[in-house]
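The values are calculated or read from the model by the stated rules, or taken from the named source; none is laboratory data. If you're wondering where the values come from, they're calculated on a predicted model, not measured in any experiment. Here the Cβ is made from the backbone with ideal geometry for all residues, glycine too, and neighbour counts use every protein chain on show.
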2 protein chains.
Amino acid sequence: MSLGEMPNAGGGSSRVTVIDIARHAGVSKSTVSLVLQGSPLVKAETRERVLSSIEALGYVYNRGAANLRSARSNIVGMVINDLANPFFAELAVGIERVFQTAGYIPFIANTTESPTRQGEVLRSMSEHDIAGLIICPARGTRAAEIESFASRGFPILLAMRRLAGLRVSSVAPDNFRGARRATEHLIGLGHRRIAFFGGYADMSAQAERSGGYLAALDAAGIVPDRALIVEGPPNREGGLAAIDRVLDMAEPPSAALCFNDVVAFGVLDGLERRRLAAGRDFGLVGFDDVREARHTNPALTTVHVDTLALGERAAHAVLRMIHGDTRPEEHIGEVQLVVRESCGAKEVRRPS
Amino acid sequence: MSLGEMPNAGGGSSRVTVIDIARHAGVSKSTVSLVLQGSPLVKAETRERVLSSIEALGYVYNRGAANLRSARSNIVGMVINDLANPFFAELAVGIERVFQTAGYIPFIANTTESPTRQGEVLRSMSEHDIAGLIICPARGTRAAEIESFASRGFPILLAMRRLAGLRVSSVAPDNFRGARRATEHLIGLGHRRIAFFGGYADMSAQAERSGGYLAALDAAGIVPDRALIVEGPPNREGGLAAIDRVLDMAEPPSAALCFNDVVAFGVLDGLERRRLAAGRDFGLVGFDDVREARHTNPALTTVHVDTLALGERAAHAVLRMIHGDTRPEEHIGEVQLVVRESCGAKEVRRPS
DNA sequence: CCGAAGATTTGGAACGTTCCAATATCCCTC
DNA sequence: GAGGGATATTGGAACGTTCCAAATCTTCGG
């Protein structure tokens with residue numbers, strides 16, 4: 001567009017509508033609407049004329065109005081419990097990418113594990129008539145809260161976390177197997193007192209991961225010490241608190257599996273404050289394999305999750321359901337232990 | 001709500017509207033609307049009656065319709081160039097938080113530095129009649145592209161990056177001063193051949209940061225070597241490529257300031273592959289101070305930016321402008337060098 | 001050159017809200 | 001108990017689109 005012909009420049013301040021286009025192109029608003037929707041009904045020549053009027057007047061489509069009439073929305077909701085956690089950020093990236101290329105546009109909300117905030121944003125999103133929803137439910141979310149939205153007509157998918165008693169679609173990594181494998185690894189390295197750090201038992205992912213941990217202990221004939229399962233927020237602070245608590249015990253553990261990598265980062269922090277080193281003084285394993293895990297000091301042994309793919313899968317599933325396929329999705333992503341240094345299996349890298 | 005009275009359960013599949021509420025409460029739809037808007041005009045008793053009808057019928061407000069009529073939107077746009085970068089994720093968190101508590105709900109889009117994608121999402125967002133927009137423009141964005149939206153009526157704020165020749169609100173850290181300070185620090189440690197890694201000169205933030213870098217060199221009487229400014233994508237790959245390129249030079253640098261922390265992470269990677277250690281063999285400084293910076297191996301010396309606060313500031317500014325204040329925002333956030341280990345100022349921590 | 005079949009276009013109602021001007025109701029005061 | 005100002009309520013138009021049934025235009029066989 002050349003400098004002279006700024007759209008919206010000369011005219012009044014009111015919005016250019018489909019009616020203005022119709023007038024300018026010498027057709028009816030219905031025809032303009034048809035063109036807008038790419039209907040094959042309209043003659044090529046007419047379409048051209050309409051299109052150039054659109055260009056000339058600087059028309060911008062009003063999806064709100066269209067949506068009101070047609071009851072079809074291209075907005076979806078994405079509610080994340082902790083966007084500052086690189087794991088969830090990556091998940092969001094995967095989801096957003098798929099939606100964007102499919103012509104949908106996501107609302108985002110970060111609940112920071114607050115069910116109250118979550119309730120507010122869910123309400124707000126449904127007021128906007130979203131076509132679908134992907135949610136990582138905040139801790140303490142009751143199934144009924146989500147259920148009341150499930151009956152609202154749009155598909156819902158739970159990402160990463162399930163909700164007891166709620167049968168809706170979900171996408172999550174294989175938490176149980178990953179945690180069992182990681183714990184087996186620590187046991188294989190000779191550890192007997194192994195702790196589990198972070199998360200709360202009422203979060204499905206934590207339950208599954210600690211379940212895998214217990215299964216591995218059990219298989220090795222180790223009787224679990226309840227005191228070694230220390231719950232806490234699934235973030236740095238949680239990890240820091242956990243390691244502090246446990247190292248002050250009479251019989252401290254020699255290793256720990258963390259609920260996730262970010263908790264492990266906190267543990268790294270706590271160890272450092274005591275001038276201890278993971279891998280040498282303490283066997284540490286994380287979960288998720290966020291990108292930063294390979295750069296910690298020492299590099300974090302963790303369970304790899306293909307987060308981006310999980311996000312994409314989630315979005316595709318919702319898209320599928322929006323388009324009428326009613327079969328629910330129930331995907332469990334493969335995971336894989338990646339051994340680095342923090343577990344002590346390899347010699348700790350040292351720069352000197 | 002008890003099990004028996006699921007809203008939306010018995011009735012037809014059509015939506016409950018303000019008219020249904022009116023009928024149920026024995027008032028007119030206008031009164032219902034008034035109640036919905038919290039108008040003080042309606043009598044308390046009437047309000048109660050309407051409210052309980054709303055509850056009873058499970059009514060959900062249709063903001064699309066309301067917005068169509070009232071031309072007031074509570075949707076804002078947030079377009080980020082790289083959400084996988086913890087720096088921008090943190091920024092997004094800050095922005096989202098403020099908007100959410102103010103009753104606004106943000107669209108999110110991740111452009112991954114693609115102006116094409118950015119154009120698409122901007123179009124999509126404006127079709128949805130957003131009330132305001134915060135954008136970290138993708139590399140290569142032309143001022144005109146943004147300008148055409150600026151004339152659309154809603155406030156726009158550039159976060160982190162400015163656009164040449166475009167006078168709209170912006171919020172960014174003090175890139176120049178931060179980079180100068182970081183470079184001075186490296187010079188103070190005895191380095192003379194200092195590189196600058198990552199980003200592209202056509203990105204304002206890079207220009208400002210490399211400008212600070214050059215200013216520090218100049219002040220120290222060091223003539224800059226253009227070959228030591230190696231441009232590249234502002235991500236891990238960029239850092240990796242940069243350090244590789246530079247270490248193969250005849251006269252390699254002994255230190256580098258990176259465009260941002262994520263680039264520095266890539267450099268850490270590259271050094272490791274060559275069995276070199278930052279802090280010992282190479283002085284490395286990042287920029288942004290993302291949370292992960294203190295956990296790298298070695299811990300990253302970097303320029304601290306209060307990203308969360310910047311995000312909140314950006315959102316507040318947009319809110320202010322939405323509410324009619326036309327004064328543009330032009331905020332430059334303070335920064336601070338935080339010295340850790342990667343620059344070599346302190347002895348490198350070693351776990352052995 | 002008429003009529004039918006197909007292709008294209010169209011006017012008006014509808015979506016669910018808000019706005020506005022007008023009406024109805026209330027409470028006092030004289 | 002009539003008048004008047006405040007207080008509450010209301011019907012209908014409007015927002016910008018899509019949908020639908022109907023109208024118009026083309027084309028072509030006979």
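Remarks
- Every test in (1) touching a Leu at 6+ places or on another chain (Cβ under 6 Å); (2) within 16 Å of DNA strand D (Cβ to nearest atom) is passed by A:Val93 save one, and that test is (2).
- Any hit, segment B:46-63, residues being within 14 Å of chain A (Cβ to nearest Cβ), touching a Leu at 6+ places or on another chain (Cβ under 7 Å), closer than 23 Å to A:Asp129 by Cα and within 9 Å of DNA strand C (Cβ to nearest atom): yes
- Of all residues making up segment A:131-143, the number that are in contact with a Gly (Cβ under 6 Å, 6 or more places away or on another chain) and buried (at least 24 other Cβ atoms within 10 Å of the Cβ): 1
- In segment A:94-121, the residue that is surrounded by the most Cβ atoms within 10 Å (Cβ to Cβ) out of those that are among the hydrophobic types (A, V, I, L, M, F, W, C) and out of contact with any strand residue (DSSP E or B) (no Cβ under 7 Å at 6 or more places or on another chain) is A:Val98.
- Qualifying residue in segment A:266-275 (condition: in contact with a Cys (Cβ under 9 Å, 6 or more places away or on another chain) and either at pLDDT below 95 or closer than 24 Å to B:Pro86 by Cα (or both)): yes
- Tally, over segment B:97-125, of residues that are touching a residue at least 40 places away in the same chain (Cβ under 8 Å) and at negative phi: 8
Here is a yes/no grid of residues against (1) more than 22 Å from B:Ser204 (Cα to Cα); (2) more than 9 Å from chain A (Cβ to nearest Cβ); (3) of a type outside the set (Val, Ile, Thr):
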residue: B:Glu90; (1), (2), (3): no, no, yes
residue: B:Ile105; (1), (2), (3): yes, no, no
residue: B:Leu122; (1), (2), (3): no, yes, yes
residue: B:Met125; (1), (2), (3): yes, no, yes
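- Qualifying residue in segment A:242-250 (condition: of a type in the set (Gly, Ala, Ser), under 10 Å from A:Gly198 (Cβ atoms) and out of contact with any Phe, Trp or Tyr (no Cβ under 6 Å at 6 or more places or on another chain)): no
- Options A:Ala220, A:Ala250; residue that is more than 25 Å from A:His304 (Cβ to Cβ), more than 30 Å from the chain's Cα centre (by Cα) and not hydroxyl-bearing (Ser, Thr, Tyr): A:Ala250
- Matching entry among A:Ala255, A:Ala278, A:Ala299 (being out of contact with any Ser or Thr (no Cβ under 7 Å at 6 or more places or on another chain) and not assigned by TED's automatic domain parsing to the domain that holds A:Ile134): A:Ala255
- Some residue of segment A:224-233 being in contact (Cβ under 8 Å) with a residue 40 or more places away in the chain and in the same structural domain as A:Phe259 (by TED's automatic domain parsing): yes
- Matching residues, segment A:15-41, being more than 11 Å from DNA strand C (Cβ to nearest atom), over 27 Å from B:Arg72 (Cα atoms) and surrounded by 18 or more Cβ atoms within 10 Å (Cβ to Cβ): A:His24
- Contact map, segment B:24-37: residues that are more than 14 Å from chain A (Cβ to nearest Cβ) paired with residues that are near DNA strand C (Cβ under 8 Å from one of its atoms) and of a type in the set (Ser, Thr, Tyr), Cβ distance under 7 Å, separation 6+ or inter-chain. No pairs are found.
- Filtered residues of segment B:64-84 (kept if at the interface with chain A (Cβ under 10 Å from one of its Cβ atoms) and within 10 Å of the chain's Cα centre (by Cα)): B:Met78, B:Ile80, B:Asp82, B:Leu83
- Subset of segment A:144-170 [in contact with a strand residue (DSSP E or B) (Cβ under 6 Å, 6 or more places away or on another chain) and surrounded by fewer than 19 Cβ atoms within 10 Å (Cβ to Cβ)]: A:Ala150
- If you go through segment A:267-281 and keep only what is touching a residue at least 60 places away in the same chain (Cβ under 8 Å) and either closer than 26 Å to A:Gly211 by Cα or surrounded by 24 or more Cβ atoms within 10 Å (Cβ to Cβ) (or both), you end up with A:Val267, A:Leu268, A:Ala278, A:Gly279.
- Test: residue in segment A:319-342 that is within 14 Å of another protein chain (Cβ to nearest Cβ) and in contact with a Phe, Trp or Tyr (Cβ under 8 Å, 6 or more places away or on another chain): no
- Residue match in segment A:234-253 (condition: part of a strand (DSSP E or B), at pLDDT 95 or above and hydrophobic (A, V, I, L, M, F, W, C)): no
- Segment A:65-83, residues that are more than 7 Å from DNA strand D (Cβ to nearest atom) and closer than 19 Å to A:Arg152 by Cα: A:Asn67, A:Ala71, A:Ser73, A:Asn74, A:Ile75, A:Val76, A:Gly77, A:Met78, A:Val79
- Matching residues, segment B:37-61, being closer than 24 Å to A:Ala150 by Cα and not β-branched (Val, Ile, Thr): B:Leu51, B:Ser52, B:Ser53, B:Glu55, B:Ala56, B:Leu57, B:Gly58, B:Tyr59, B:Tyr61
- Criterion applied to A:Ala242, A:Ala309, A:Ala250 was being at negative phi and either surrounded by 21 or more Cβ atoms within 10 Å (Cβ to Cβ) or within 12 Å of chain B (Cβ to nearest Cβ) (or both), and the one residue passing it is A:Ala242.
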